[in-house]
Each structure stands twice: as structure tokens, then as C-alpha cells.
1. Given the criterion within 26 Å of the chain's Cα centre (by Cα) and closer than 30 Å to residue A:596 by Cβ, identify the matching residue among A:465, A:410, A:415.
2. Go through region A:137-166 residue by residue and tally those that are in contact with a helix residue (DSSP H, G or I) (Cβ under 8 Å, 6 or more places away or on another chain) and modelled with pLDDT of 95 or more.
3. Could you count how many residues in region A:312-357 are more than 15 Å from residue A:381 (Cβ to Cβ) and surrounded by fewer than 24 Cβ atoms within 10 Å (Cβ to Cβ)?
4. I need the full set of residues from region B:135-150 which are assigned to a loop (DSSP other than H, G, I, E, B) and in contact (Cβ under 8 Å) with a residue 12 or more places away in the chain, in order please.
5. In the list A:736, A:731, A:694, which residue meets the criterion of being within 20 Å of the chain's Cα centre (by Cα) and modelled with pLDDT of 95 or more?
6. Test residue A:164 against the criterion of being more than 30 Å from residue A:282 (Cα to Cα) and surrounded by fewer than 16 Cβ atoms within 10 Å (Cβ to Cβ), and give yes or no.
7. Take region C:250-285 and flag every residue that is within 28 Å of residue C:84 (Cβ to Cβ) and touching a helix residue (DSSP H, G or I) at 6+ places or on another chain (Cβ under 6 Å).
8. Please specify each residue of region A:621-642 satisfying the condition of being touching a residue at least 24 places away in the same chain (Cβ under 8 Å) and surrounded by fewer than 22 Cβ atoms within 10 Å (Cβ to Cβ).
């Protein structure tokens, strides 16, 4: 295991850079860890939903008589029983439950609370809802057609958090440009052009979504739920139920994976309303099928891209046009559109670039945040085209990327300067990796075509508010409170490592408080690869505030100037250069309690504030973000074998070089890269939510296939590159998403290497590959 | 016999009796009646493997086993895998390789991997991949889980 | 719902006959999943777990292997008496789902459900196996090719149950291949090929090929197979048989693959399975 020695400037590291054991591993290994479905409250009721059978219909009425008559049923609520508030991160367009009309198949129209889950489920099926079917728009093409039925008639009236361009079924239209793209193409010696299509992917956190709400005698609600942000839960519930935020306390149990699915609301508004009505605790856990049908999916993208290059491989122009299928509600979609367009130029210095996209409402399940946030889709197109250019010009795929890589400060597309940039090092370390260099040493298996593919990418870490409170208790131990939800990726441990490092105390003296909207500093959420970078920074600076206060008090006690003091490993503060003049932190903390009336508390809050757009360089309209974050980089290479007979692709090996600024916990970095890659592998090869007239055809793990242990390579190597980020804690940047950003493209490029044909549609099934492999006359052999 | 079937079984070496409806799954009985929530409901269709428990020495799906059909059975769940605070060999190895992320698949994974090692004490990576192929993990990418099982096997040989 | 766990077959059959909505419960791998999803709601469950003699593999007259209905996939997948041509069945059993589900699922339960994308049907048809079923009138034997009659349909009468599968001896020197294409490991087949081959002096003496996942029931063309007998192994156009099988196939368009792809890949997989069988024969000699 990594010994934590890195090229960094942190001396005598006590925690940072070490693959320390996750804090909560033991409880997870013994089955003791409590997830939402494992929680129970006295007198608790169990809830179940009834979903819409129609993609688009007006609700004419409800008959709940039969459901209410079922013994053990305590409440049956329909849209008529809910306040008419609306929620949404970018656009407030979503009611807590379907009201007046339904907009997708599966949308909850009624909810039942009963003594047990089986009774609730049975009763829900007895609710009779009368509908008047409306014409449904189930594809973006339908939705963009003239006279298309409107998914939201009142779009223009909805509150939006940014200056959106919206019309018809177009929820958001964004245009970004830098340079003069037509001039760029005029200068190009070679232009590649293509249409790319990616499907809806389901998150499939192994834990389905669920929530438990309990109301107290004063009418205040406590809500536990599977979530990625206790604060987004609070905001969504209170907006949609028109509840004062002070009346809702949002908490979190352990989370069984998220990947974006649990960032915004799922069933939380439903259980809160049931708890308010029944005055009893209510728990609702979705079945796997309901989780597929009612939560959210990765955006289907249609991408039309053109890239131009000089004969020597210098990229000169890129033009990107995208349509995102947003589904029935806005959710995080405007952000996904804006962000994916910002990624459309990739980590390259292409002087002329333009990107235009439309986000379209359809009568399908909402699309939303999913690891990568539109970036894997965009890089599937962009990195394929760079590979095509390299192939056509006979340039090595790593070499062409090195030739065009953003170096130093960049800037990124639209003008943001990069304070840290390890992209070139990622490419070089990948190129020079021994395994990669000797990749052709062994022959491929008989009956298989072998291919190697490379792709790269960058991804931000940042966005929106974060904070930390570090409390030094009387005995010298520390409680760290950030409000950041550890969804299984390991942020509790990483934040504790940062805190321990900053205070030079052993890790076991730091405890991490569970997120609580009553007591935690604001945290927008576990999303956007942001927790290590933004929250970690707040932790480091809150700890620095503790250090300042400790020194002030210790200076008094040791009769010296605060500037002459230093923190020493093991939990001491002492006079620089005088080894025996020191105090244990607990002595200082005790003094703080005696003399200052309480513990030393450091607090820091922060939001990344460097603008994404430099108006002198670029034009951006309809952009939902003003500022984004800092950039992590990755280069990924894969070896695949494709079956001559069936066209099925097996991924044999993967190498990833990733610039994370500083690996606070190298094993966790590898874990994120491995897991991200495999989720990308699924997206590339096997996963697709299939719709038929808006109905999900495969809402089960029987029919929706995520990779098993047999479908992924055991040979997965992560090469950690550390280009220190000045804004990051100990130089760290995020790593949560970047593992899958290049993956579909890397696999596609490897397939192209093997079969000498390009696949531009995901998933790259045996069927699509065989179509591309066979000469046309063979296709009709049967 | 329709209103409840009396079933005596042994769970983690403790004798238990329950009265269950015919259609109740072992997973429901463990979680709802016996407060053993380590086994998880991930799909209720036998695909994800998060509910895997051991019945008479054999790992099975808790969600596909009917409690009524388990009379006299010896059940072991994740709660029974550590003894006196000492982790079992698979658990200890998973800890060592840092394989546990969200933890939702972990209970089932431990039970499946333990059975794999009992059947084949000297597996290679491909054997391990096959052995745990019925237990989905969406976080780890499986590498560290496979490494953990190999490590546990190697420790067993020492 | 009532639950019964009879200890003899007669009692089980009486219970089955007494309630048209009764379902025998074997391993539960499919039935309980369907009950959980409310796809089936039987009023009576008849557990077969308490009936002696329903489980296990025994050799009976003429070297026939009798596989009890309650035999788990794990057992079938590891019984080395299923060797030579009969290894088709062993290999097919080993490709069902995953090790945990193979501990639960039974051959009787699987074939009674008759999912056309499941692994046993093609293997049993390839092996000219017989299904032993029991009903009020006693036992009868049904050839595997007559047993699977349609999408999830079998020749079982409502009050009958599968008791065993009889796998006849295959010719000395025969080899078996089971080729299965899936999206991910353990999934149901997009297409599966069960093939056995026997040869003498480099010439084919027997060839049996069944295709699964490509229609309501396994596909097989015995007359076409006959025509290939006597051909030199290196000049036997297995793909032609594959094309004929594709021609008679009736696959579906579903989330696993299109019907068109299935038709296209059948001849390719048949040819490939044949080549593997030849390689296996050569490796043996």
C-alpha cells in the first residue's frame, strides 16, 4: 500500500497522502451500518406509491374509496392533498406529486400509508384515477416539432435561478463560442464530422431510494433519507410542500451509493406530507422497478460534431451541436447542458470553437445528474474525433493529444485560467507506463480481434457553497462538522484526514458528525466531484482558524508571542526551536473552556468564485453557471478483444493516469477511478434504459444489465499524477467523476482499432459492432 | 395453514421461531421480524445479490427463499460472520484492500466469497470473478474485492 | 396463500390437482422472484423440498443418467458423469445465472418454466433427453423436443409435475459444446448453441445441434443433421445447417438484441461451436 510519500511540500505528513482505512468500514463489514431501509421508528407506517400509466394525461379525478377501505391503511393522498409548491435546482417546475396532469409513465399520482409495506402496496393498486390522455412527446424530435404538445404550458412563468433562454418544449438553450469557428475550418486541412448518440443510463446504486419522516408534537418534521445533500433535500421538500424550512430537519443515514440519483428529491416530499397528515412516522422504500421508473436517468444526448485539424495534427476548430432529452422535469438538466458544452472543446487548445445546445422537455422520466454530468457523452464524440484525425494522419493517439494539450494556465474554453494542470504529465505517464509500452507482448486470444484505445478528459471539482466547523473538545479530540454526505465514496475519511493533518493530530482523534441541517454548515451536496476540493478546503481553513485560536491562548499560557508557536505532531503546540516548551492541545482546550467559556471552534465557508467566462475571449448565452471550479485531468487507455463471431467486446485491461492535485487517500483515489471506469464500461457496452412510447421496457436488473465481476478486467491500473491545486486542501482536486469521462471514447477507439470501423452510438452492443464488422453483403446472409 | 406457519430455524447459531405467511421471504423475516438488517433488499428478484445469506452452508438469495420452506435450517447472515469482534477472513481482507465503499453489497459479497473459498481454497482471479459474479457492486469496479478474496485465500495458506 | 410441504409425491400431486392456482415450489429462483413482482399470485404453494428421491443424479438402465427434478444447477454443473456429448448439459448448467443462484435453482423448476432464453432447453433437446412427468394417471415420459411447446409453455398438463430428466448415453468419443452469447455474465442467452459431435476416422458420424433463445422453443433440424453425417470433419458445412436453423428461427426483438441480429448470428455461432467441437475431438485424439 502507498506509503504516502509524494513529491509534495507537506512535511511529516500524519494523514494526508496515506491510504488509511475508511472510518466506517468496520460497521459496513459487520452488517451494523444503518441505511434508510434499516431505520425504524415507534408506530411507524409504511408507504407505497401509485404511478401513472400514461406518459401525458390530464387527471380528471380520483376514487380512493377502495384503498381507504383496506384494513391497516391510514392515509391515501393524491395530488389534491398536497400543497401546490414547485421545486427544482435550476427551474422550479416540479410539484411534490403529480397535480392536474401526469408527465411521464410512473410519475407518482397517489401515495398510501399503511401498517406494513405489503398492505400499502396492495391498497395503492386499488386507487382509481380518471385520466384524459393527451398527446405525448416522447422524443426530442417530437418535442421540437411544430405544434408539439407542451409538457409544461407555464414554462415562461416558472422561477429560474439563471437567465435562461426557453420556449416551447425547450427548457434551456445555451450557446458558447470562442474564436471564429468558420475561419478555423477554412484553415483546416482535414475535417471530421459525425453524429453521436448516447442513451439513458440508470444509476443503479445498489440501494434503492427511500425516506423516513417523523413529525413532533410542535409540528416540526425530522426527515431521514437516502440523499447526497441534506440541504437540497430540505430545499426541495420545503419548496414543493410550501413548508417553512425551519420546520424541517433533514438528516442522513449511511448511503448505499448515489452517483447523482440521490442529489435532488425523490420520495422525500411524499413521506413528509404523509407524516404531516397521519402524525405518525412514515417510511417509503422504492422497489427496484420504481427506482428505475420514477427517479432519474443520465441524459440521452444527440451530438453533431465537426473537428478540423492541420496536416501536422494541430487542432484548429470544433463545432458542436447537441440536443439533450431532459424528460418531464428540469431537475439538474440546465446545468448538464451548460456544463457539457463547456467541456465540448476537451482539454485542448483549439483556437476556434463553438457549441450550441438545446435541452428539451419530453414525456419521459426526468434526466438528471449522473456521474460525469454530460461530460462522458461529450467526450465520446470529441475523443472519437481526435482519434479519427490521428488515424487519418497517421499520428500516435497519445502524441496527437500531447500536441494539442492545454498547457500551463490554459485557458479552458471560454477563458478560465488553470491554476493547476497535470494533463501533459497524465499523457506522458500513460505513454511511458511499462505495461502500456509492452501491451502487444502477448498475442490476443484466438477468434478475437484485439484493439487498443486512448481517450482523455478533464472534469471540474467545485460549484456552490460549502463550509466546515472544527470543534476542539476539552480532551483534545475534535469533532468535524461539514454537512457533506458520504455516499460511500469515502469523503468522511478524506475530510478527517485533512483535519487531522491541519491540526497535526492522529486521525483517531477526529470524529465526523453526521450531516444535519440543524447543526451543519451549509453544503450544496456530494456532487460535481467537489467534496474533497471545496469542503476539504473549508476543513483545512477551519482547522487553521482553530490553530490561530490555540496559538493565541497558548501564547498566553507559555508567555510568548503567538507567531513563535507551532503545532507539533501528536497534538501539541510549542515554541519554535524550543522542543521542551510545549502544551498538549487538551490543556489548551481545557483552558479555553475555563477562561473563554467553551471550546475552540474554527469555522470556514467558501464558494469557488473565479468566473468561467472571460467576456474578452468568449461569448456565452443561456449559461447556467457563473463559476464552475478547478480542473482535474485524466488520460485513459484500454485493451479490448472483440469476438469475430458475435461482435461482443471484452475489456481486458485499463490504464488511467489521473491528475488529482494531491491524493489525500491514494486507495480512495484508485477506488474512484476503478468504480468510475466500470460504470463507464457499462455505459459504453451494456447499459441502456430502453423506452417504448415513453414506457421503460427494462425497469429491472433482470433486463437492465450492469457489469458483473466477470465483465470487467481485473487489470485496472491507476497512475496518480499530482499537479498541486493552490486552492485545494494540501493541493487536492476532485476525482469522483473523472474515471468514466474518457471511458466510452477509450473503448470506442479501441474497437475502431480492432475492427477498423467507428461506432458512434452507445451502447456498443455485439449487434452494432457486428454490423460494422461485416461487409454489407454478409448482413443479409440469413 | 393460511394464516401463519410456525417455523423454527437457527440464525447465527441462535434458535429462533417465527410465525410467517406462506409468501414471506427469508429476507423479510430476517429484516422485519428478527431485526437482522445486514442483508439488503436491492432488487427483490435475485439479481443483485445484496440479500445473499447462507442456508445450511450454502449461499442463497434471501429474497428468493421462502421462510416457510426453511424449517430447521441453519441460517448465517453477515451479523454472524464476525466472532467476538474478530472479523472473518473475507471481512478482514476486504478491510485490508480498501474494497468497501458504500457497503450496500458488502453483506452479500462476504457470504458469497466465503462460500467460494470453502469450495475452492486456491482460486485465481478469474475463479474469484466467477464466484462473486452474482453479487453486483456499483462502487468498487470489483478489483479490490477480487484482491481481497485472493488475499484471504493466501492468508489461509500461510 | 397456503403452504404445504408434502413428503411424498402422491400427496404433492393430490394438492396440485386440488387447486388450479396451486404451484409447485422447487428452488424458488424463478417462482419467488415472480411472486415478489406480483407476476404470479398462487393460492397454494407445494414445496417439493421434503420429498425424498427427487434430488440427485443417478445412473439407471442402459447408462442413462436420471437427474431428479430437484437437482440444483450446481450439482448438474459439476457432475463429471455428464461427459463427452453429455457435457453439453453440464456446461449449460454451469452458465446459468451465477454460483449463488445455481445453489437454488433446480432443473425441474427451470424446465417447467420453459423460458426460451434459458440454458437447459437447447441442451436437453440436443441430447435427445426425456422429461419424466407425474400426474394422477402415473408417470409418463416426454421427449425434450416435444416438451417445450411455446413461449413459457410445455407439454405438462395442469396437474402434472416434472419428476426427472433422463439423459441417454451419448456415443463413445462424442464431444459436447455449449456456446452462449449474453450481454453480461449470467444473463439469459441472446442466442445459445448446444452441439454434440461424434467422428470416426476424421468423418462425422453424429451431429446434433440445438439453438436456444431464438424462438418459442429450441430449434433443431434432425434431417439436415443426417445429411452431414459421413462428411469429412474439415469439409462439413456446419454454417449451412446454421443458416437453415436461422431460417426456421422465430426470434424476438427485445432489450437483449434484435431478432435480425439473432438470425444473423445463429449460423456464425453454429459454425463456431462446430469448430470448437472439432478442436475438442482433435485435442482428444
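1. That would be A:465, the only listed residue that is within 26 Å of the chain's Cα centre (by Cα) and closer than 30 Å to residue A:596 by Cβ.
2. Of the residues in that region, 4 qualify.
3. 6
4. First, pick out the residues of region B:135-150 that are assigned to a loop (DSSP other than H, G, I, E, B): B:135-142.
Scanning region B:135-150 gives B:135, B:136, B:137, B:138, B:139, B:140, B:142.
5. So the residue among A:736, A:731, A:694 that is within 20 Å of the chain's Cα centre (by Cα) and modelled with pLDDT of 95 or more is A:736.
6. No: the conditions fail for residue A:164.
7. C:266, C:267, C:270, C:271, C:274, C:278
8. Listed by number, the residues that qualify are A:621, A:625, A:627, A:641.
The values are calculated or read from the model by the stated rules, or taken from the named source; none is laboratory data. Nothing here was measured: the structure is a model prediction, and the numbers come from that model. Counting neighbours? That spans all protein chains shown, and the Cβs are built from the backbone with ideal geometry, glycine included.
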